[in-house]
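Written out below as structure tokens is the structure these notes cover.
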Amino acid sequence: MDTPDRPALRHLEQLTAQLLDGVILIDPAGTILSANAAALRMHGVGTLAELGTTAEGYAERFTLRTHDHRPLKHREYPLFRLLAGDSFPDLIVEVVPAGDDQARWIHQVRDVVMDIDGGEAEYLALVIDDVSARFDAEARFAAMFNANPAPAIVVRLHDQRIVQVNAGFETLTGFAPEALTGKSLFGLDLLASLGDPIAVRRRIEEGEIVAQAEAELRVADGSRRLVLFAGQPIDVTGEDSLLLTFADLEPRRRAEQALAASEHHLRSVFEMAPVAMVVTADCDHRIASVNAAFRALTGHDARQAIGQTADDLQLWKDPERGQALERQLVELGAVRDAEAILRSRSGEQIDCLISAETISVEGAPCVLWVCQDVTSRKQSERELADAIDAVMKDANWLSHSILDKLATLRRPEAPAPASNLSPREREILELICDDLDDKAIAAQLGLSRNTVRNHVARLYAKIGVNRRSGAVVWGRERGMGTRRD
């Protein structure tokens, strides 16, 4: 005949057999009376004997540790605490089979005390929930979170307190973890200068996705760094949380500030430069900026010039020359000291040396044109050339050294010798440039004077002169002759 407790035990076994949670039943003496299939599976065994028939037998077969891997003494095992009358509503333990080093399961256990008539406990129950998967996910998240170089923090939703800080965030802000962990995100005033602070705070408090937004992040020294941050709800930390990640935009901001300062400086230099300058858009050559020297040179003020092309303003005396310089810029990448004539607003012609090069202005490709006014110099050169021409119309009284200098001033470039002279004509011209007369040339070359005169006449016709002094100047311009006065 069954004792009063036997039906109750059978009823409990029938009840626990269908549970997903593991249940181990023991009596007050420490004997394990029953374990359901879930409890056996959570220990990797198939029978009660393999689990251990007593609390001491269980302790021989399994080593338990805390969730932070500290080994538990036997008296700290849940079964022994249950026998001692301790209550532990949610205790996390790692379960290691005897002889192993690595934890195989992580259990969340709680105690249940049962009695029949309200007196002494008849049964003690250990209810087990296998949370290994959750802790594995948390461990993987922690490893990823700590190894991720991107600055990040985890904020607990129910009170908006920071619960985790990774090394990237410590490096970015200079805060030690203890200065942040457990503190309120909003109490620390970490985020400022938000576009819509009320909306962002509401999303964080409600655990919603926070879209990327710029903010000023407070750092340890009290200053602020420009960051891009975003929020993502997570569920691998055992409680509802929000992962906030940050990207440091401070280097970009400083670069932009430096660029702005540099461009301001360049604009000042551009405006104050004594030579005329124009900036045009690279795509359509419309004028984007003109400096004071350009305005003074051409008479076009900024209001009239900006947005117009050189053709609109009729800047080029010869529009084809302007188009040729634009083609040269495309083909060679630059223009250097090219001669061109500009036309001022009043119609005055301005001799210029034009240089141009592609530059970047606020990230857009542009062309910087430099127009050096050489009108006065050109006028002086023309006047000097006219004076030299007047003098050289009758240069018989000038020494050859003076003729050489005048020739150089008249034509500073060194022209190439004419290729249509015969060898004999070149030979005679060389001797003319050495100041030999026809008689001396005839004697040196073994020719008659008439033959020499005929060669000289043909020579004059070919080089375009009509007197001996002109031939001397022409030849010496081309490096002919050996005599130097």
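Just to confirm my numbers, what's the Cα centroid distance between the stretch 51-98 and the stretch 423-459 in Å?
The stretch 51-98 and the stretch 423-459 have Cα centres separated by 127 Å.
How would the stretch 138-270 be classified by its alpha-carbon gyration tensor: rounded, prolate or oblate, with rounded meaning a/c under 1.5 and the a/b versus b/c comparison settling the rest?
Prolate is the answer for the stretch 138-270, as a/c is 1.5 or above and a/b outweighs b/c.
Please work out which option in (1) 20; (2) 66; (3) 53 gives percent of Cα pairs over 38 Å apart calculated from these coordinates, and answer with its label.
Here percent of Cα pairs over 38 Å apart agrees with entry (2).
Once the whole set of protein chains is in place, how much accessible area is left on L445, using a 1.4 Å probe, in Å² to the nearest 10?
30 Å²
Residue-wise, which Karplus ³J(HN,Hα) couplings in Hz belong to the stretch 304-318, taking 6.51 cos²θ - 1.76 cosθ + 1.60, θ = phi - 60°, and x for glycine or proline?
Taking θ as phi minus 60°, the curve returns 6, 8, 5, x, 9, 9, 4, 5, 4, 8, 6, 6, 7, 4, 10 Hz for the stretch 304-318.
Taking loop as defined by DSSP and a crowding limit of 10 other beta carbons within 10 Å, which GluC sites (Glu not before Pro) in the stretch 117-151 fit? Before the final figure, lay out each step's value.
Details: sites: E120, E122, E138; in loops: E120, E122.
Filter output for the stretch 117-151: E120.
Per 0.36 nm of contour for each residue apart, how much would the distance between T358 and E56 grow if the chain were fully extended, relative to their Cα-Cα spacing?
Working: separation 302, 0.36 × 302 = 108.72 nm, distance 8.68 nm.
Using 0.36 nm per residue and subtracting the Cα-Cα distance, I get 100.0 nm.
Tell me the label-point distance for the pair H264, E339, using the 7 Å Cα-to-Cβ offset, in nm and rounded to one decimal.
4.4 nm
Show the residues, 5+ positions off or on another chain, whose built amide H is closer than 5 Å to the amide H of T66.
L72, E94
Among 124-134, 453-463, how do they line up by average Cβ neighbours within 10 Å per residue, starting with the highest?
Highest to lowest by the protection proxy: 124-134, 453-463.
State the extension gain, in nm to one decimal, for the chain segment bounded by A139 and Q379, taking 0.36 nm per residue of separation less the distance between their alpha-carbons.
Details: separation 240, 0.36 × 240 = 86.40 nm, distance 8.61 nm.
That works out to 77.8 nm of additional length.
With a/c under 1.5 counting as rounded, go ahead and sort the stretch 204-323 into rounded, prolate or oblate using the C-alpha gyration tensor (a ≥ b ≥ c being the square roots of the eigenvalues; past the cut-off, prolate if a/b is larger than b/c, else oblate). Don't jump to the answer; show the numbers that get you there.
Values: a/c = 5.47, a/b = 2.96, b/c = 1.85.
The shape class here is prolate.
The values are calculated or read from the model by the stated rules, or taken from the named source; none is laboratory data. As the structure is a prediction and not an experimental result, all values here were calculated from the model. Counting neighbours? That spans all protein chains shown, and the Cβs are built from the backbone with ideal geometry, glycine included. Areas reflect the complete protein model, heavy atoms only, side chains present, ligands, DNA and RNA absent. Shrake-Rupley method; radii C 1.70, N 1.55, O 1.52, S 1.80 Å.
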